[in-house]
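Worksheet: the structure to be examined is printed underneath.
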């Protein structure tokens, strides 16, 4: 079985979603299906078909989350240290072309969220950063051409 590296907050978010799907969404959709069935002819019942489609999505997501959660390899970034970029590190970078700075945390693929500055360990940028240290420059291929970033800081918190 494939293991998925993940931080504790990432695992907690998935477990909360799983509990919510099982305890709230699943019972709710079952009630909606029962109500739609009570309206009679199912072949022309849009409510029934929409509820069944939603049920299929919920059951699929529950199965997916259960598989991920059972295969998590929990990693505590605060127990790590060093100057090299690795899983869990918070990395401050500067784009060498635009001089814009950004800070990202390298996390598992199931907890990545670019809006929250969580970069998937399997992303091109994270792959380029892993193993590098402060002062190193990495080049990352993008649709608009290669971008170069300099590593300014590596922290484990």
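The values are calculated or read from the model by the stated rules, or taken from the named source; none is laboratory data. What you see is a predicted model, and the numbers here were worked out from it, not measured in a lab. Note: ideal-geometry Cβ built from the backbone for every residue, glycine included; neighbour counts use all protein chains shown.
Okay, here's what the table says:
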{"read-out": "Qualifying residue in segment 89-101 (condition: surrounded by 14 or more Cβ atoms within 10 Å (Cβ to Cβ), touching a helix residue (DSSP H, G or I) at 6+ places or on another chain (Cβ under 8 Å) and closer than 28 Å to residue 21 by Cα)", "value": "no"}
{"read-out": "Answer from 65, 80, 74 - the residue that is modelled with pLDDT of 95 or more and within 23 Å of residue 121 (Cα to Cα)", "value": "65"}
{"read-out": "When residues of segment 105-127 are limited to those that are part of a loop (DSSP other than H, G, I, E, B), in contact with a strand residue (DSSP E or B) (Cβ under 6 Å, 6 or more places away or on another chain) and without any contact (Cβ under 8 Å) to a residue 24 or more places away in the chain, the one nearest to residue 89 (Cα to Cα)", "value": "117"}
{"read-out": "Boolean, residue 151 is more than 30 Å from residue 31 (Cβ to Cβ), touching a residue at least 40 places away in the same chain (Cβ under 8 Å), outside any loop (DSSP other than H, G, I, E, B) and not assigned by TED's automatic domain parsing to the domain that holds residue 17", "value": "yes"}
{"read-out": "Conditions (1) outside any strand (DSSP E or B); (2) at pLDDT 95 or above; (3) under 23 Å from residue 69 (Cα atoms); number of the one not met by residue 131", "value": "(3)"}
